[in-house]
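Presented below is the structure to which this report refers.
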């Protein structure tokens, strides 16, 4: 019961932080809320019996990927002008479409939850999934998915290498320099 | 009531760790003085032992100024994140068989997670200060920490393969026959280098290199907030020493003396070694630091991992 309460607290923090991510006008502040949301999600994973996934969520998402995001946004030199422009973009008309679609999804989720009450009875008995279980699943039935994901990462790596490569020295056009 | 015990334990840990980190500042200055054939601070109290207290009083009474051009909330948040993330990691350090706040079965991963959180302190401080030196320091910190975090994790995996657990007390107990520093010597060296880089200690203190960046990410900080950065750095040095002790040097294991004494002795000698490094080594250039990391240490760490896995599997057959 105690862990259920903790789960709801961290889940609501995740929701609130995610809401702040899209309403914040300053990009760095939005990123900070995103980090909070990811940390809260990690806590949710932990409470649902997946400590390994929780730790990886913090190390990989909150600790490495988001640092790179902050790193990139840091360079943008955000000033008051940008924040004002951002607040103009956040008008209520632009909220209308997404809100409608999300409401439909929400109704759907509520409907699914309603129609399957068996889930609510099992949540007290959490099964612990440790690193060994995750590893044997990843390199057993899901091996193909892991390989495809690593292909994707390799492609990204090659692309990054190509973009960062020093440009070849073009020979300077001598004729222009001649008097 | 176990919860009350836990709270008391945490309070006691914080009450011991924070003054110890302050004493470490004095200890380091005295030791540096010894290495450099000068006295170091020796005026306040016997052997200058109260120097840190005097510094603390001075720093508390300083004007705690937030620059008008800074991003206020983030500026205040940044030093807190640093000190808190490091303090949280101490929760999983097993100082003796029964002196630990949490013997979590993901202890090692928790340590890595908190280390990766600590980088936000430096990056956000650099950004929120709205100062070009601070921003450069923050940039360097981000690049340095992300790079060295990778090897830090990979170098620890060798130990995880050998002991078969992320639980730090299991790792200590698995070293009863032989400390992991012998079979995992490469991992030990890599982890130590990564640890120095992660805690921004000299010679890898490029984010705050004063000759080129005035004071790097904490240029705009003063008073208690600066003290928090300082505290975070020294706590970080203690944490890295304790982790090396736990993971590679057999933790609390040792003959005759009580476990906690062994643990503290090993930690203290590692801290002395870090101070010696500060006195002995010059600071590399930033591109040299990253080149060393990605071109030399990463392949070595991966090699170590593959070799360890091979040996372990070979033994199992």
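Summary table below
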read-out	value
Chain A: relative contact order in percent, alpha carbon pairs under 8 Å with at least 6 residues between	20
Residue list for region B:112-134, given a label point 7 angstrom along the Cα-to-Cβ vector of residue A:73 and an amide N cut-off under 13 Å	B:124, B:127-128
Interatomic Cα distance distribution for region A:1-135, bins of 10 angstrom, percent	11, 28, 33, 21, 7, 0
Where N is the number of residues in chain B, Cα Rg divided by 2.2 N^0.38 Å	1.01
GNM top mover of B:48, B:293, B:153 - chain B, alpha-carbon springs below 10 Å	B:48
Span from the region B:104-174 Cα centroid across to the region A:55-90 one, whole angstrom	20
Shielding by partners - mean other protein chain Cβ count within 10 Å, residues of A:47-54	2
Residue mean of other protein chain beta carbons inside 10 Å, B:110-123	4
Cβ neighbours within 10 Å from other chains - mean over A:63-75	5
Highest-MSF residue in chain B out of B:197, B:125, B:174 [GNM, Cα springs under 10 Å]	B:174
Projected label distance in nm at residue B:96 and residue A:94, using a 7 Å step from Cα toward the beta-carbon	6.1
Shape category assigned to region B:223-317 from the gyration tensor of Cα positions, a/c cut at 1.5	oblate
Kirkwood Rh (inverse of mean 1/r, distinct Cα pairs), the protein assembly as shown, angstrom	25.3
Degrees between helix B:259-280 axis and first principal axis of chain B (Cα, 0 to 90, nearest 10)	60
Protection-proxy order for peptides B:7-13, A:93-99, B:223-229, each taking the mean of Cβ atoms within 10 Å per residue, highest first	B:223-229, B:7-13, A:93-99
The protein assembly as shown, helix-only ellipticity at 222 nm - DSSP H runs n ≥ 4, -39,500 (n - 2.57), divided by all residues, nearest 500	-23000 deg cm²/dmol
Chain B: most fluctuating residue of B:94, B:299, B:79 per GNM, C-alpha cutoff 10 Å	B:299
Value of relative contact order over region B:70-316, rounded to a whole percent, pairs C-alpha under 8 Å and six or more apart	26
Region B:1-48 versus region B:252-317: alpha-carbon centroid distance in Å	24
Euclidean distance between Cα centres, region A:1-23 to region A:93-112, Å	19
Mean Cβ neighbour count within 10 Å, used as a protection proxy, ranking B:107-117, B:271-281 highest first	B:107-117, B:271-281
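Rule-based calculations on the coordinates, nothing more; no lab input. This structure is a prediction, so every number in the text was calculated from the model and none was measured. Note that we place each Cβ from the backbone using ideal geometry, even for glycine, and neighbour counts take in every protein chain shown.
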